[in-house]
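Notes for the one structure printed next.
The values are calculated or read from the model by the stated rules, or taken from the named source; none is laboratory data. No experiment lies behind these values; they were computed from the predicted model shown. Counting neighbours? That spans all protein chains shown, and the Cβs are built from the backbone with ideal geometry, glycine included. Please note that ligands, DNA and RNA were not included when accessible areas were found on the heavy atoms of the full protein model with its side chains. Shrake-Rupley method; radii C 1.70, N 1.55, O 1.52, S 1.80 Å.
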Amino acid sequence: DWAHLIFAYTSLVIAAAGESSVPLLYGKVIDAIVIGKDTDAFVRYMILLVCAAFVTGIFTGFRGSTFIVIGGRFGVRLRQRLFDSLLQQEADFFGAVKTGDITSRLSADCEKVSDQVQLNVNVFLRSVIQVLFTFGFMVFLSWRLAITCFIVVPAIVVLSKIFGDFMRALTKDSQEALANANSTAEEVISSMNTVRAFAAEGEDSRRYQRGIGKYLLCQWRVARLYFFYSSLTFTFLPYCTYCIVLFYGAQLTQTPAQCGHDGQPQCHLSASSLVSFVFYMQSLFAAFTSLGQIYTGLAQAVGAADKVIQWIERRPVLSRPRAPLVPVTCKGDVKMVGVVFRYTMRPEQRVLNKLELHARPGEVLALCGPSGGGKSSCISLLEGFYAPT
Ligand SMILES: Nc1ncnc2c1ncn2[C@@H]1O[C@H](COP(=O)(O)OP(=O)(O)OP(=O)(O)O)[C@@H](O)[C@H]1O
Ligand SMILES: [Mg+2]
């Protein structure tokens, strides 16, 4: 994905530079028309503003669509790797894990991971670049105010981190609950006749309800946590910082710092710079809020990715040959000597107990015995689905 990433990243930087120049131009426009009464300068800055909007718009579009492609490709690769890894697993794995659970990982979890990656890598890069550009412009306008503005940032970052950790644990729980509910549904739907025969519709409905009830419980916990997080970091803390900056900025516009060219005392900050600064603060907070959300979004993706990656990396207990083994000479002489076998899921039950079997080439052999006697297990062993224990 290097070519895509480079293209997306270039678009990102251009869009961010365009976006960051806008508040400065707002200030210049206000300066030109309100303070300087200079119509030429006003028109010049207005044209620059429209150009900035045009360039920012085009490259924002490029950035967004390229990240959609990158995210899509990532999702496809993730699914394919999980599916390939599942194909390698031994028969016992599919006995231990329910089909509904597997398909839920393959669809819902992979979707969640790739969505979060697509969205968050995009927004993360945009926000980081935006913070850098914006902070640069802020320092250029007034370093005193820029530092004051950063008072609240550590608080927001710490809050986001704490929240992200909680969210991660909760998301893992809710994905688990959803997968369990899905496997109940799968079990019921795949054996509908049995459910009907035992008139178990009511009981199965309640079982499913209990499953999704657990999921809902997890969502409740997420909602409670989100309440405190959003009210503090999205609104209260940023507005407090606006107040502090406006208070301090107003004083800086009144304090004479040095003599200007015309001999008039010049202040630390002009009124139009204070206006630009407030616009920059808005975009700085937008960027930091996005960064906070990204942290929690990525934490959610990590929660969902946990099982997916665990299964992608799972080494099958009974490894299968990459290509089917073709014996050089096939005589068809089959011998089983003292074979003992148990299924992993039922270790207490010896399915085959010191089995002796010899089928000579060309010989037809019938395995006879009661149901559950171990005939199919014997063939499964011959086919290499399981190993003798
Ligand atoms: N995947 C499995 N996991 C756990 N136990 C199993 C599994 N497959 C079979 N068993 C158990 O192993 C024992 C032998 O089963 P197996 O299917 O080999 O018998 P069988 O002789 O083929 O029976 P049938 O005549 O009904 O086909 C049975 O008790 C069965 O319940
Ligand atoms: Mg059988």
Exercise. Please give the number of the condition LYS331 fails out of (1) over 46 Å from the mean Cα position of the chain (by Cα); (2) part of a loop (DSSP other than H, G, I, E, B); (3) closer than 19 Å to ALA387 by Cα.
Key: (3)
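Residue-by-condition table, conditions (1) within 16 Å of ligand 1 (Cβ to nearest atom); (2) among the small types (Gly, Ala, Ser); (3) in contact with a strand residue (DSSP E or B) (Cβ under 9 Å, 6 or more places away or on another chain); (4) open to solvent by 10 Å² or more (accessible area, probe 1.4 Å):
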position: GLU111; (1), (2), (3), (4): no, no, no, yes
position: LEU125; (1), (2), (3), (4): no, no, no, yes
position: LEU145; (1), (2), (3), (4): no, no, no, no
position: CYS149; (1), (2), (3), (4): no, no, no, no
position: ALA169; (1), (2), (3), (4): no, yes, no, yes
position: LYS172; (1), (2), (3), (4): no, no, no, yes
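Within segment 219-249, can you find the residues that are hydrophobic (A, V, I, L, M, F, W, C), surrounded by 13 or more Cβ atoms within 10 Å (Cβ to Cβ) and at pLDDT 80 or above? Outline the logic, then answer.
Filtering segment 219-249 down to residues hydrophobic (A, V, I, L, M, F, W, C) leaves 220, 222-223, 225, 227-228, 232, 234, 236-237, 240, 243-247.
Narrowing the set further to residues that are surrounded by 13 or more Cβ atoms within 10 Å (Cβ to Cβ) leaves 222, 225, 232, 234, 237, 240, 244-246.
Within segment 219-249, VAL222, LEU225, CYS240, ILE244, VAL245, LEU246 meet the criteria.
In segment 287-306, which residue that is of a type in the set (A, V, I, L, M) and open to solvent by less than 50 Å² (accessible area, probe 1.4 Å) is nearest to SER20 (Cα to Cα)?
Within segment 287-306, the first condition is being of a type in the set (A, V, I, L, M), and the residues that meet it are 287, 291, 294, 298-299, 301-302, 304-305.
Right, trim to open to solvent by less than 50 Å² (accessible area, probe 1.4 Å) and you get 287, 291, 294, 299, 301, 304-305.
Numbers: ALA287: 12, LEU291: 17, ILE294: 21, ALA299: 29, ALA301: 30, ALA304: 35, ALA305: 35 Å.
For segment 287-306, the residue satisfying everything is ALA287.
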Quiz item: Any idea which of (1) of a type in the set (Ser, Thr, Tyr); (2) assigned to a loop (DSSP other than H, G, I, E, B); (3) at pLDDT 75 or above is the one SER319 doesn't satisfy?
Solution: (3)
Quiz item: Mind checking whether some residue in segment 336-346 is within 12 Å of ligand 1 (Cβ to nearest atom), out of contact with any helix residue (DSSP H, G or I) (no Cβ under 6 Å at 6 or more places or on another chain) and part of a helix (DSSP H, G or I)?
Solution: no
Self-check item: Lone qualifier among VAL69, VAL55 - being in contact (Cβ under 8 Å) with a residue 12 or more places away in the chain, open to solvent by 40 Å² or more (accessible area, probe 1.4 Å) and farther than 21 Å from SER283 by Cβ
Solution: VAL69
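Residues checked against (1) more than 9 Å from ligand 1 (Cβ to nearest atom); (2) hydrophobic (A, V, I, L, M, F, W, C); (3) in contact (Cβ under 8 Å) with a residue 60 or more places away in the chain; (4) farther than 25 Å from PHE93 by Cβ:
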residue: CYS368; (1), (2), (3), (4): yes, yes, no, yes
residue: SER371; (1), (2), (3), (4): no, no, no, yes
residue: CYS378; (1), (2), (3), (4): no, yes, no, no
residue: PRO388; (1), (2), (3), (4): yes, no, no, no
Quiz prompt | In segment 347-374, the residues that are away from ligand 2 (no atom under 16 Å from the Cβ), part of a loop (DSSP other than H, G, I, E, B) and over 22 Å from ALA96 (Cα atoms) | solution = ARG360, PRO361, GLY362, GLU363, VAL364
